[in-house]
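Enquirer: Right, I'll just put the structure down here and ask away after.
The values are calculated or read from the model by the stated rules, or taken from the named source; none is laboratory data. Fair warning: this is a prediction, and the values are worked out from it, not measured in the lab. Here the Cβ positions follow ideal geometry from the backbone for every residue, glycine too, while neighbour counts run over all protein chains shown. Side chains included, ligands, DNA and RNA excluded: accessible areas come from the protein's heavy atoms. Shrake-Rupley method; radii C 1.70, N 1.55, O 1.52, S 1.80 Å.
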Amino acid sequence: MTDVSIIIPVYNVSIFNDGSTDGTISKLEEWRETLREKSISVTLGGHTSDPRGVGYAKNQAVEQSSGVYLCFQDIDDVMSPDRVSKQYQAARSEQNSIIGSKFHREPEGSTERFTKWANTLSQDQLYSQIYTSHGPTLIMPTWFCHRSVYNKAGGFSEGGKGVPEDLIFFLRHLELGGGLCRVDADLLMYRYHPGATTFSIHEDTIWEIRMEYIQKQVLDKWESFTIWNAGKQGKKFYRNLSTTNQRKVAAFCDVDPKKIKCGAYIYHESKRSNENLTSAPLGDKGVPVVRVSALHKAVHCHGVPYQTNIWRLISEKIKPTVPIVHFQSAKPPFIICMKLDLTGGEFEKNLASLNLKEGVDFFHFN
């Protein structure tokens, strides 16, 4: 059996042609003899009908390969001469892990914030920052793994265009107890072009997958938590939580005086209807006892006279109300819905001042 198979899905070494029409296969046929002279066998497979997607092409390329280890490579990227040897050595001691590497972009300067983020993550952050909008903490074109890792995860999703097959595989791998490891060397030129398949995936699709996994892997295990960001992203995160996890939100926290002065966020679109009343303790006459202080802030925040409208508010079924506090008054753990590296370091400084441990006291969901 071959030691390493290089997996290359091709559209417009195990190479699977997923209906490309740009002459790629002819070019690869020319290279076949050159590679054979270097004792590198090339397996070409594929079809000429309509493309069935990146996930399908990757699965077919793996199936027709024979390597104990799999090295994934996109057709328009360039690996360094020592990529295979360095990742092979790492994978031999990490046989249940996906092995990644650092990379650089062409054209130079493309996706600068993303590249900096991916290349500077610590080993612990490879696990703790898996829920961010950046996607897998090890980028797919740098993946290298034992074939058993691929088999255990069940291959890639074949949902076709618009399906983030790499993110789904990555999160399933972790859910099954798989590991992550990065070779801290730049082993790949990762080409940027606006027409890449990545950009055909709608952000709502990514959001839904991230929400599913952070709830399943983190929030379902917490008794309560604080959402850092009382703005648009924090509120969107809250609205997309399950009802059970919405009840666990102790507060939103922020630094904006206007948001903090508002006092609370009322989720008017909630379908939880009368839950605040039905779950409240009963008074002497069987009337639910409501936390008036919280309501006082909420109704004043929206310009409603407190004394005249409190009972009307109750009779119209109270909606979930979450306090908004300054971050220094908030209690961990936190889900952080702030974008990194965009506030001149102020947010990062505020977070560091709390002396919290990432992956225990907070997770990023920016």
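Enquirer: On a 18 Å Cα-Cα criterion, which of the cross-link pairs LYS248/LYS331; LYS116/LYS236; LYS259/LYS349; LYS331/LYS357; LYS319/LYS339; LYS261/LYS339 come out too long?
Expert: In this structure, LYS116/LYS236; LYS259/LYS349; LYS319/LYS339; LYS261/LYS339 exceed 18 Å between Cα atoms.
Enquirer: If I ignore ligands, DNA and RNA and count only protein heavy atoms, how much of SER85 is accessible to a 1.4 Å probe, in Å² to the nearest 10?
Expert: Using a 1.4 Å probe on the heavy atoms, I get roughly 60 Å².
Enquirer: Summing Lys, Arg as +1 and Asp, Glu as -1, what charge do residues with Cβ under 15 Å from the Cβ of GLU106 carry, GLU106 excluded? Could the numbers behind the result be given before it?
Expert: Values: positive: LYS102, ARG105, ARG191; negative: ASP74, ASP76, ASP77, GLU108, GLU112, ASP186.
Here the count lands on -3.
Enquirer: Follow-up question, since we're still on this one. Shape of region 159-259 from its Cα gyration tensor (a ≥ b ≥ c, root eigenvalues): rounded if a/c is under 1.5, otherwise prolate when a/b > b/c, or oblate?
Expert: Working: a/c = 1.88, a/b = 1.61, b/c = 1.17.
Prolate, because a/c is 1.5 or more and a/b exceeds b/c.
Enquirer: From Cα coordinates alone, what are the radius of gyration and Dmax values for region 72-221 in angstrom?
Expert: 14.9, 45
Enquirer: Please list log₁₀ I(q)/I(0) at q = 0.11, 0.21 Å⁻¹ for region 17-143, using the Debye equation with identical point scatterers on the alpha-carbon positions.
Expert: Ignoring solvent entirely, the Cα scatterers give -0.50, -1.43.
Enquirer: What net charge do the residues around ILE40 carry, taking every other residue with its C-beta under 15 Å from that of ILE40, with Lys and Arg at +1 and Asp and Glu at -1? All intermediate terms of the calculation are to be shown ahead of the outcome.
Expert: On the way: positive: ARG32, ARG36, LYS38, ARG83; negative: ASP3, GLU29, GLU30, GLU33, GLU37.
So the surrounding residues net to -1.
Enquirer: Right, next: Output the peptides 69-80, 108-119, 163-174, 134-145 sorted from most to least packed, where packing is the average of other Cβ atoms within 10 Å over each peptide's residues.
Expert: Per-residue mean Cβ counts within 10 Å order the peptides as 134-145, 163-174, 69-80, 108-119.
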